[in-house]
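To start, the structure itself, in structure tokens.
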Amino acid sequence: MNVGIDTDFLVRIAILEHPKHQSTVDLRDHYLDARKRLALAPQVLSEFIHVVSDPRRFENPLSIEKALQLSRDWWNAIEIEQIHPTGDAVIQFLDWMENYQLGRERVLDTMLAATYLSSGITHLITGNPRDYRIFPELKLIEM
């Protein structure tokens, strides 16, 4: 079973000053030691770059160049299963947005959930479980 990762997983690993940095590194190592691959969708990388380079969020934000390099490293790592949004993911996303009457603040998380589930990824590591609890098909691994 491969496990999807949310943006905050990468943020906590990349930002050494994050209070949950070490526990997230330990969680990553646990899954990799168990020979599980981590599933990664491209939209996680775009949000990661946006977050880690923001000086309003962190005392020592990453440069865009460093954020891009880390994103490239993650995307190309042998431990990563690259997951791409499909036509089925888009249909699922649109259906959920309408059926659950979700607003604009739920767009990114809903698309990520649909992307993972349409690719057979049923587990998600996240520090924001409330963003995904509405989707009963997705099993959450809270950080």
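For this structure, a couple of remarks:
- Selection within the range 58-93 - at pLDDT below 95, charged (D, E, K, R) and farther than 15 Å from residue 10 by Cα: 59
- Unique match (being over 24 Å from residue 20 (Cα atoms), surrounded by fewer than 19 Cβ atoms within 10 Å (Cβ to Cβ) and touching a residue at least 24 places away in the same chain (Cβ under 8 Å)) among 101, 82: 82
- Of the criteria (1) closer than 21 Å to residue 2 by Cβ; (2) among the basic types (Lys, Arg); (3) touching a residue at least 24 places away in the same chain (Cβ under 8 Å), which one residue 106 fails: (1)
- Qualifying residue in the range 10-19 (condition: of a type in the set (Asp, Glu), surrounded by fewer than 17 Cβ atoms within 10 Å (Cβ to Cβ) and farther than 16 Å from residue 139 by Cβ): yes
- Cβ pairs under 8 Å, 6+ apart, first in the range 26-39 and within 19 Å of residue 75 (Cβ to Cβ) and among the aliphatic types (A, V, I, L, M), second modelled with pLDDT under 95 and assigned to a helix (DSSP H, G or I): 38/28; 38/31; 38/32
- Taking the criterion of being in contact with a helix residue (DSSP H, G or I) (Cβ under 9 Å, 6 or more places away or on another chain), in a loop (DSSP other than H, G, I, E, B) and surrounded by fewer than 20 Cβ atoms within 10 Å (Cβ to Cβ), the residues of the range 104-130 that qualify are 122, 127, 128.
- Criterion (within 21 Å of residue 21 (Cβ to Cβ) and either surrounded by fewer than 12 Cβ atoms within 10 Å (Cβ to Cβ) or touching a Cys at 6+ places or on another chain (Cβ under 8 Å) (or both)) met by exactly one of 133, 56: 56
- Output for the range 21-48, where each listed residue is over 10 Å from the mean Cα position of the chain (by Cα) and assigned to a loop (DSSP other than H, G, I, E, B): 34, 35, 36, 37
- Looking only at the range 49-97, and only at residues there that are in a loop (DSSP other than H, G, I, E, B) and among the β-branched types (Val, Ile, Thr), the one that is nearest to residue 35 (Cα to Cα): 78
The values are calculated or read from the model by the stated rules, or taken from the named source; none is laboratory data. Predicted model only: the values in this text are computed from it and were never measured. When we count neighbours, we look across all protein chains shown, and the Cβ atoms used for this are built from the backbone with ideal geometry, even at glycine.
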